[in-house]
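J.: Take a look at the following structure, please.
The values are calculated or read from the model by the stated rules, or taken from the named source; none is laboratory data. These numbers were taken from a predicted model, which means no experiment stands behind them. Cβ placement follows ideal geometry from the backbone for every residue including glycine, while neighbour counts extend to all protein chains displayed. When the accessible area is computed, the model is the full protein with side chains, heavy atoms only, and any ligands, DNA or RNA have been set aside. Shrake-Rupley method; radii C 1.70, N 1.55, O 1.52, S 1.80 Å.
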Amino acid sequence: MGYSKFDFGEDFHWGVSTAAYQIEGAHNLHGKGMSIWDKFVQNSSKIKDGSHANVGCNFYEHFENDLDLIQEMQIPNYRFSISWSRVLPNGIGEVNQAGIDFYNRLIDACLERNITPWVTLYHWDLPQALEDQGGWTNREILNWFEEFATLCARSFGDRVTHWMVLNEPMVFTGAGYFLGYHAPGRKGMSNFLSAMHHATLCQSLGARILRNELEDAKIGTTFSCSHIDPLTDDEKDVAAANRFDALLNRLFIEPALGLGYPLDDLPIAKRVEKYMLPHDESLMHFDFDFIGVQNYTREVVKANWMIPYMKGQIVNADERKVPLTTMNWEVYPQSIYQVLKKFDTYEGVKELVITENGVAFPEKVIEGRIKDLDRIQFVQSYLNQVLKAQREDVNVTGYFIWTLLDNFEWAEGFTQRFGLIHTDFETQERIIKDSGRWYKRFLQSAKVRNLVV
């Protein structure tokens, strides 16, 4: 039994996703300012292989060729982000026209190839000049973000019709301001709660700016989400899993839908009231056209009263003897079905788009070819679950693979390859992997056979 792209509907959006810091390189060219990731990687101990993305894929100089590859693979939609410090080197104030010109060239080059650009405003690369003033922990970021979002809307909105405000706010606030293993490397509950609240406000603020400036635009935002299972049926494990679900899956979407923070299921979040002003509750809400779902795996949780705040912990996948990726994430296709069903139950969600799904596995270049069958099987099995959800009347309208190119994978450096295209970081040679060729055949409407579920 197989399926084709037409089983998902003629208007289904097929695409591929990237992020500015991970692929652009050109970290200090043509007036670009320093971002928090440019600063963070200067401490090589923070990155698994001690690397940085100062050059990375050098997409900044190779984008025409890379768009040719997207066109060759017949991918009709391309999601990318705007580097805040490339267009506003100090975060606010003087505009860097060279940065604006770069994104104009990129957008125009997409349209020339009949590739629809989907733009993410913020994908984790805050200007360092703003971090020096507190970054996401400073409520002034509402004014800073307003300036950035307005500039982007007015510069690119005449040609860009699909927008996402934030990429995975739970990750950049949690990993960057609580755990400290992502930029800017800050830790502590007060840093996290203030950053979380200000990101929640900016999520809707940015959307309102886009709506005011661009009446006909399709506006969304994206959330990292993983299905959460308790390790056992014991009520303590179930309660711990519920807390993790509130933290990882509900903390940002519910205030966006006008439901407020899930404080009853995440008691520690009640401390956010310290950072709230009157009327913030209403400012957190926006009627998004779509919600971006970014799913890779599930998490299994057990109770542990010794763990601060959460009274529970995630049981690592490698301890559970399950199929693993090189990120040590469980291969669990049902997770994408379960999170789609979960988010579809929210009354305010109009439309769901898978804005990221992908995988890193071990791979080798052999005689100029990368036979990444396991990636093909991964995508097929997850797509099968997306189709299952859609057939159960979940309004899921798009699927974007993470990612176009092997790139700098944040704290993992260059140790993880998620791309449909192999990147040689020394020579900048690109090789379309077998998975990229499979995606092309699929988008040409060929049936998927030998489906792995």
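J.: In percent, what relative contact order does the range 151-192 have, based on Cα pairs under 8 Å that are 6 or more apart in sequence?
T.: Once divided by the residue count of the range 151-192, the mean separation gives 23 percent.
J.: From the backbone phi of the range 266-281, what are the Karplus-calculated ³J(HN,Hα) couplings (6.51 cos²θ - 1.76 cosθ + 1.60, θ = phi - 60°) in whole Hz, Gly and Pro given as x?
T.: Couplings: 9, x, 4, 5, 4, 5, 5, 4, 4, 9, 9, 10, x, 6, 4, 4 Hz.
J.: Can you give the percent of C-alpha pairs in the range 200-263 whose distance is more than 16 Å?
T.: 57
J.: Suppose every K and R has +1 on its Cβ and every D and E has -1 on its Cβ; what is the size of the dipole of the chain about the Cα centre, in Debye to the nearest 20?
T.: 740
J.: Using a 1.4 Å probe on the protein chains only, how many percent of the accessible area of the chain belongs to carbon and sulfur?
T.: About 48 percent, which is the carbon plus sulfur part of the accessible surface.
J.: Another question, then. Pull up the cross-link candidates among the aspartates and glutamates for K433, meaning alpha carbon to alpha carbon under 17 Å and not fewer than 8 places away within one chain.
T.: Cross-link targets: D66, D68, E72, E363, E367, D372, D374, D406, D424.
J.: If you place +1 on the Cβ of every Lys and Arg and -1 on the Cβ of every Asp and Glu, how big does the dipole about the Cα centre of the range 1-58 come out, in debye to the nearest 20?
T.: For this selection, approximately 400 debye.
J.: Alpha carbons only, please: Rg and Dmax for the range 213-315, in angstrom.
T.: Computed over the Cα atoms of the range 213-315, radius of gyration and Dmax are 15.9, 51 Å.
J.: Let me ask another. Report the rotationally averaged projected area of the chain based on its alpha-carbon convex hull, in square nanometres. Working shown, then result.
T.: Numbers: hull surface 81.8 nm².
For the chain, the mean projected area of the Cα convex hull comes to 20.5 nm².
J.: Only bridges whose two residues both fall in the range 312-453 count here: according to DSSP, what percent of them are antiparallel, nearest 5?
T.: 60
J.: Using 20 Å as the cut-off for backbone N distance, which residues of the range 8-34 belong to the label zone defined by a point 7 Å from the Cα of Q133 along Cα→Cβ?
T.: Zone members listed by number: 32-34.
J.: Among V394, F418, F408, which residue has its Cα positioned farthest towards the positive end of the charge dipole of the range 351-453, with +1 placed on the Cβ of Lys and Arg, -1 on the Cβ of Asp and Glu, and the dipole taken about the Cα centre?
T.: Of the options given, the answer is V394.
J.: Based on alpha-carbon centroids, what's the gap between the range 80-128 and the range 214-252 in Å, whole number please?
T.: 30
J.: Amide H neighbours of T120 under 5 Å, at least 5 residues apart or on other chains, H built in the peptide plane: list them.
T.: Residues meeting the criterion, in which the H sits 1.01 Å from N, are F80, S81, I82, M164.
J.: 5 Å is the cut-off here: which amide hydrogens, built 1.01 Å from N in the peptide plane, fall below it relative to S35, excluding neighbours closer than 5 in sequence?
T.: For S35, the qualifying residues are Q128.
J.: Restricting to Cα pairs below 8 Å that are 6+ residues apart, what does the relative contact order work out to for the chain? Please round to a whole percent.
T.: 18
J.: Taking the Cα centre as origin and putting +1 on Lys and Arg beta-carbons and -1 on Asp and Glu beta-carbons, what dipole magnitude results for the range 1-109, to the nearest 20 debye?
T.: Taking the Cα centre of the range 1-109 as origin, the dipole is about 580 debye.
J.: Using only C-alpha positions, report the orientation-averaged shadow area of the convex hull of the range 1-123, nm², one decimal. Spell out each step's value before the answer.
T.: Numbers: hull surface 39.2 nm².
Quarter of the Cα hull surface area: 9.8 nm².
J.: Work from the charge dipole of the range 1-90 (Cβ charges, +1 for Lys and Arg, -1 for Asp and Glu, about the Cα centre) and give the residue of S45, L69, S83 farthest towards its positive end.
T.: Sorting the options by dipole projection puts first S45.
J.: A further question follows. Across 5 Å bins from 0, what is the distribution of all Cα-Cα pair distances for the range 155-229, in whole percents?
T.: 3, 15, 21, 18, 15, 13, 10, 4, 1
J.: Turning to a different aspect of this structure: Among DSSP bridges having both ends in the chain, what percentage is antiparallel? Round to the nearest 5.
T.: In the chain, DSSP labels about 20 percent of beta bridges as antiparallel.
J.: Work out from phi, with θ = phi - 60° and the Karplus expression 6.51 cos²θ - 1.76 cosθ + 1.60, the ³J(HN,Hα) of each residue of the range 282-298, listed in order in whole Hz, and give x for Gly and Pro.
T.: Karplus values, whole Hz, x for Gly and Pro: 6, 6, 6, 9, 8, 8, 5, 6, 8, 10, x, 9, 10, 10, 10, 7, 10.
J.: Between the DSSP loop rule and a limit of at most 13 other Cβ atoms within 10 Å, which GluC sites (Glu not before Pro) in the range 280-368 are left?
T.: The qualifying sites are E347, E367.
J.: Let me ask something additional. Heavy atoms only, probe 1.4 angstrom, no DNA, RNA or ligands counted: give me F148, F286 ranked by accessible area, highest first.
T.: F286, F148
J.: Rolling a 1.4 angstrom probe over the protein chains, ignoring ligands and nucleic acids, what is the accessible area of K388 in square angstrom, nearest 10?
T.: The value for K388 is about 90 Å².
J.: Would you work out which of N316, L166, Q97 lies farthest towards the positive end of the dipole of the chain, given +1 charges on the beta-carbon of Lys and Arg and -1 on that of Asp and Glu, about the Cα centre?
T.: My answer, from the dipole projection, is N316.
J.: Mind listing the Cα extents of the range 97-169 along all three principal axes, in Å, largest one first?
T.: Extents along the principal axes: 41, 26, 17 Å.
J.: Just to be sure I understand the rule: take each whole DSSP H helix in the chain, project its Cα atoms onto its long axis, keep it if the span is 20 Å or more and its mean Kyte-Doolittle hydropathy is at least -1.0. Which ones pass? Write out the running numbers ahead of the final one.
T.: Working: long enough: 97-112 (22 Å, 0.11); 141-156 (22 Å, 0.57); 189-213 (35 Å, 0.05); 373-391 (27 Å, -0.37).
Span-like helices in the chain: 97-112, 141-156, 189-213, 373-391.
J.: Along the range 73-80, what does the Karplus equation 6.51 cos²θ - 1.76 cosθ + 1.60 (θ = phi - 60°) give for ³J(HN,Hα), rounded to whole Hz, x for Gly and Pro?
T.: Going residue by residue, I get 7, 6, 8, x, 10, 10, 9, 9 Hz, with x marking Gly and Pro.
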